Amino acid sequence: MRLARRAAIAAIPLLLSGCGVLGPGDEADFGAPAGAGAQPPKNVRAAPSEPVNTAETNQFSDQAKVPGFGESFRYGSGLRVQVDPPEQFTPSSWIERRPGAPMRLRVSVRNGTEEEWNPSQLHLRLASGFAPTEQIFDYEQDVIARPEDRVPAGGSVSFYVGYWVPDAERLSLEVDPGRGYQTTVVATGRQ
């Protein structure tokens, strides 16, 4: 029994050492500008190109780095998320105006896990300065809360979310992919 426990403890560093490394089938250019992200030669391990949440907690491999808008980040399960910088848009005429500018953000999720991912569990909350913002739901402009269809293993989905933003210079978006994941904050003016 002691020998089995020692072997299990000794294996933990080996299991964790591979976190954040792009593996076969991963797209190195997910969320990168066109033409960027060449694959490393086979048998060479690439350094992680984005913060990695290694244990489904908010403990990234680079704890000093908070992902910014336009950068992708990956959870230890293989779920990868990118939130593009906010852009102003014109809501449909039937949308009731609120204080602030109408802004939308494109969210892209690549399911690098071995299981189907259910986006109905996804929660996104945007803060402007330190105040929460009000969400915009405008189906005519493809601005929604979250997609409805499940994403199979290896699949991806992109969609827009919208908010009334009083201060576009200081934004932080909480990304909560659902059960089993911790919330990750994507921010402007990051550390």
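The values are calculated or read from the model by the stated rules, or taken from the named source; none is laboratory data. Given the structure is predicted, the values throughout are model-derived calculations rather than measurements. Quick reminder, even Gly has a Cβ in these numbers, built from the backbone with ideal geometry, and neighbours come from all protein chains shown. When the accessible area is computed, the model is the full protein with side chains, heavy atoms only, and any ligands, DNA or RNA have been set aside. Shrake-Rupley method; radii C 1.70, N 1.55, O 1.52, S 1.80 Å.
Solvent-accessible surface (1.4 Å probe) assigned to PHE69 amounts to roughly 30 Å². Once you have a ≥ b ≥ c as the square roots of the Cα gyration tensor eigenvalues for region 76-175, tell me rounded if a/c is under 1.5, and otherwise prolate or oblate according to whether a/b is larger than b/c. Note, shape of region 76-175 comes out prolate.
Residues in region 112-135 near a label at ALA168, defined as backbone nitrogen under 15 Å from the 7 Å Cα→Cβ point? Under 15 Å, as judged by backbone N against the label point of ALA168, lie 128-129 of region 112-135.
Could you work out the per residue convex hull volume over the alpha carbons of region 117-174, in cubic angstrom? If you can, show how the numbers build up before the last one.
On the way: hull volume 5.5 nm³, N = 58.
Per residue, the Cα convex hull of region 117-174 comes to 95 Å³.
Between the residues VAL143, SER158, PRO102, the greatest Cα displacement towards the positive end of the dipole of region 93-191, with unit charges on the Cβ of Lys, Arg, Asp and Glu, is found for PRO102.
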